[in-house]
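Presented below is the structure to which this report refers.
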Amino acid sequence: MGNSHGHRKRRNGPVSSRTDNSGFKYGPSDQSAQIPSSSAKNTSMVALPYAHVDASLRALAAQAEGFGRLAIGGLRGALYHVTTLADDGPGSLRDGCRRKEPLWIVFEISGTILLSSYLNVSSYKTIDGRSQRIKLTGKGLRLKECEHVIVCNLEFEGGRGPDVDGIQIKPNSKHIWIDRCSLRDYDDGLIDITRGSTDITISRCHFSQHDKTMLIGSDPSHIDDRCIRVTIHHCFFDGTRQRHPRVRFAKVHLYNNYTRNWGIYAVCASVESQIFSECNIYEAGQKKVAFKYLTEKAADKEVAMTGHIKSERDLFITGTQAGLTPVGVEHSMFHPSQHYRTYTVGPPTDDLKHVLQHCTGWQSVPRPADQTGVA
């Protein structure tokens, strides 16, 4: 099921490798990583992205694969040190996020931050959770009319209230990268991308204990959502019920994700959406159909229509049925190569499944040194 060579991303700059606590070895993104597997005698090589981004503190900047690849976060800003778990005040995460200047935000403390209201993130910010274990609860992050934001290595759990999402990206935000975060148990969505927000990458995240996981495109009246472009790759959707994602209008590229045991469907295409699903693993539980299509009428159209999912080299296991595009539906479909030349994708193997189970979400990663002169 797929090309064993895949596409390999090559970059200039510092490259490193590391081994995390689970024993999985990360190699440079133009090489493969050796993944130990107790279930296979001949362990294959798995290509993984981003091996070099922990080589120095700001090596994350502009290194996302896919539509969010231009996000530089707080590359050109000073370091801001979070020294308190308080919701607000000097040294708090909220204080750093509201400042207008570029900042690279790091944590000097681990623990839970109870948010009494949405935490608004302004442009040119990196929220970098490496070296600590920070959990956000109560409410979530709101990326509103901002650009160039990177969120890395945080946990989101237990958001409460109507319309409370873990990460809410709206309106008119762009160049966003959400990487290596764990998200679970919010009253609304875990990540919502709506109202004209675009050029976003979600990578290496772990989603669990949730119903409406990820919404892209708000409703049929918001025709400006035709601009939305999102890449979701190397994520683990772990028994979440639906919306992996649900899409209206947008162009979405899914690759090398592992989605298992959904409660309604895995991926849903609605009005005018174009979803390119490539080398993903879909493992059904009781509900067997992976792809669902909903018909809705855009505000400026006379006829209701659905979206389209193109499945290329996906792996459907444990009796999973893909779910076909409705017969006779006219559709257009983008190809990722029209927008970015290279990305790290490999075949959907058991070894890929094992590494995504262990190496997505928050990780115990040391904070790299901040090289002088990088900013």
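The values are calculated or read from the model by the stated rules, or taken from the named source; none is laboratory data. Since this is a predicted model, take the numbers as computed values, not measurements. Positions of Cβ are generated from backbone atoms using ideal geometry, with glycine treated the same way; all protein chains shown enter the neighbour counts.
List of remarks:
- Residue in the range 50-72 that is at pLDDT 95 or above, under 12 Å from Leu103 (Cβ atoms), hydroxyl-bearing (Ser, Thr, Tyr) and crowded, with 17+ Cβ neighbours inside 10 Å present: no
- Selection status of Gly74, among the small types (Gly, Ala, Ser), more than 22 Å from the chain's Cα centre (by Cα) and not in a strand (DSSP E or B): no
- Taken as a whole, the range 182-200 holds no residue that is among the polar types (S, T, N, Q), surrounded by fewer than 20 Cβ atoms within 10 Å (Cβ to Cβ), over 23 Å from Gly129 (Cβ atoms) and touching a residue at least 60 places away in the same chain (Cβ under 8 Å).
- Within the range 213-222, considering residues that are among the small types (Gly, Ala, Ser) and surrounded by fewer than 22 Cβ atoms within 10 Å (Cβ to Cβ), the one nearest to the chain's Cα centre (by Cα): Ser218
- Qualifying residue in the range 104-115 (condition: farther than 16 Å from Leu154 by Cβ and either part of a loop (DSSP other than H, G, I, E, B) or in contact with a Leu (Cβ under 6 Å, 6 or more places away or on another chain) (or both)): no
- Hits in the range 213-222 (condition: touching a His at 6+ places or on another chain (Cβ under 9 Å) and outside any loop (DSSP other than H, G, I, E, B)): Met214
- Selection status of Ile232, touching a helix residue (DSSP H, G or I) at 6+ places or on another chain (Cβ under 9 Å), under 28 Å from Thr344 (Cα atoms) and among the aliphatic types (A, V, I, L, M): yes
- Flag if Lys139 is surrounded by fewer than 17 Cβ atoms within 10 Å (Cβ to Cβ) and of a type in the set (Lys, Arg): no
- For the range 116-129, the candidate set comprises residues that are buried (at least 21 other Cβ atoms within 10 Å of the Cβ) and not hydroxyl-bearing (Ser, Thr, Tyr); within that set, the residue that is nearest to Asp165 (Cα to Cα) is Leu119.
- First in the range 293-321 and within 16 Å of Arg248 (Cβ to Cβ), second anywhere and assigned to a strand (DSSP E or B) and among the aromatic types (Phe, Trp, Tyr), Cβ under 9 Å, 6 or more apart: Thr306/Tyr293; Gly307/Tyr293; His308/Tyr293; Ile309/Phe276; Ile309/Phe291; Ile309/Tyr293
- Pairs where the first residue, in the range 100-116, is on the phi > 0 side of the Ramachandran plot and among the acidic types (Asp, Glu) and the second is part of a strand (DSSP E or B) and surrounded by fewer than 20 Cβ atoms within 10 Å (Cβ to Cβ), C-beta under 6 Å, 6+ apart: none
- Among the conditions (1) in a loop (DSSP other than H, G, I, E, B); (2) surrounded by fewer than 22 Cβ atoms within 10 Å (Cβ to Cβ); (3) at pLDDT 95 or above, the only one that His210 does not satisfy is (2).
- Residue match in the range 91-98 (condition: touching a His at 6+ places or on another chain (Cβ under 8 Å), more than 17 Å from Thr201 (Cβ to Cβ) and surrounded by fewer than 19 Cβ atoms within 10 Å (Cβ to Cβ)): yes
- Meets criteria (surrounded by 17 or more Cβ atoms within 10 Å (Cβ to Cβ), in contact with an Asp or Glu (Cβ under 6 Å, 6 or more places away or on another chain), without any contact (Cβ under 8 Å) to a residue 60 or more places away in the chain and under 22 Å from Arg229 (Cβ atoms)) for Val271: yes
- Screening Thr201 on (1) outside any strand (DSSP E or B); (2) in contact with a helix residue (DSSP H, G or I) (Cβ under 8 Å, 6 or more places away or on another chain); (3) of a type in the set (Ser, Thr, Tyr); (4) modelled with pLDDT of 95 or more shows it passes everything except condition (1).
- Residues satisfying the stated conditions in the range 223-263, i.e. part of a loop (DSSP other than H, G, I, E, B), surrounded by fewer than 22 Cβ atoms within 10 Å (Cβ to Cβ), touching a Lys or Arg at 6+ places or on another chain (Cβ under 8 Å) and without any contact (Cβ under 8 Å) to a residue 40 or more places away in the chain: Arg241
- Residues in the range 150-157 include none that are part of a loop (DSSP other than H, G, I, E, B), of a type in the set (Val, Ile, Thr) and free of Cβ contacts under 8 Å to residues at least 60 places away in the same chain.
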